[in-house]
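Just so it is clear, none of the values below were taken in a lab; they were calculated from the coordinates. Being a predicted model, the structure only gives us computed values, none of them experimental. Virtual Cβ from ideal backbone geometry, glycine too; neighbours counted across all protein chains shown.
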Amino acid sequence: QVPLVESGGRLVQAGDSLRLSCAASGRSFSSYTMGWFRQAPGKERTFLGCISRSAITYYPDSVKGRFTISRDNAKNTVYLQMNSLKPEDTAVYYCAAGLRNFGSAEGVDYWGQGTQVTVSS
């Protein structure tokens with residue numbers, strides 16, 4: 001098990017920046033690919049990007065250039081930096097961990113509980 005706890009979600013205005021954090025428990029954090037997803041009401045959970053054990057990042061075109069994922073293995077923490085936020089970014093944001101690289105929910109082994117981000121216009 002890899003318990004994941006997200007934090008940092010809150011109400012922001014359009015155009016603002018926000019950084020989410022995800023803290024993992026256990027000694028094996030550096031062994032996992034870490035990633036972020038989001039789910040808006042009535043919509044499917046969508047992939048936002050991931051960072052491999054060797055800190056290689058991958059993003060879908062939908063967020064490339066606006067969202068950045070980083071990790072600090074010494075702190076067992078992964079971050080999601082979001083810039084130029086839009087109202088359509090409003091969603092619950094989930095941290096994810098997988099023993100293999102993933103580009104969808106199918107490859108995720110562990111999920112966090114989610115943190116709400118609301119972007120007002």
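Identify the residues of the stretch 44-77 with backbone N under 15 Å of a label point that sits 7 angstrom from the Cα of residue 104 along the Cα-to-Cβ direction, or state none.
Residues 44-49, 60 qualify, since their backbone N sits under 15 Å from the label point.
Which GluC sites (Glu not before Pro) in the stretch 1-98 sit in a loop by DSSP (not H, G, I, E or B) and have at most 11 other Cβ atoms within 10 Å of their own Cβ?
Taking the stretch 1-98 and a limit of 11 other Cβ atoms within 10 Å, the loop GluC sites (Glu not before Pro) found are 44.
Calculate the dipole size of the stretch 37-121 relative to its Cα centre from +1 charges on Lys and Arg beta carbons and -1 charges on Asp and Glu beta carbons; express the result in debye to the nearest 20.
160
Please give me, ordered by residue number, the trypsin sites (Lys or Arg not before Pro) of the stretch 4-57 that lie in loop per DSSP and have at most 14 other Cβ atoms within 10 Å.
For trypsin sites (Lys or Arg not before Pro) across the stretch 4-57 that sit outside H, G, I, E and B with at most 14 neighbouring Cβ atoms in 10 Å, the list reads 10, 27, 43.
Bin all alpha-carbon pair distances of the chain at 10 Å intervals from 0 and give each bin's fraction as a whole percent.
15, 51, 29, 5, 0
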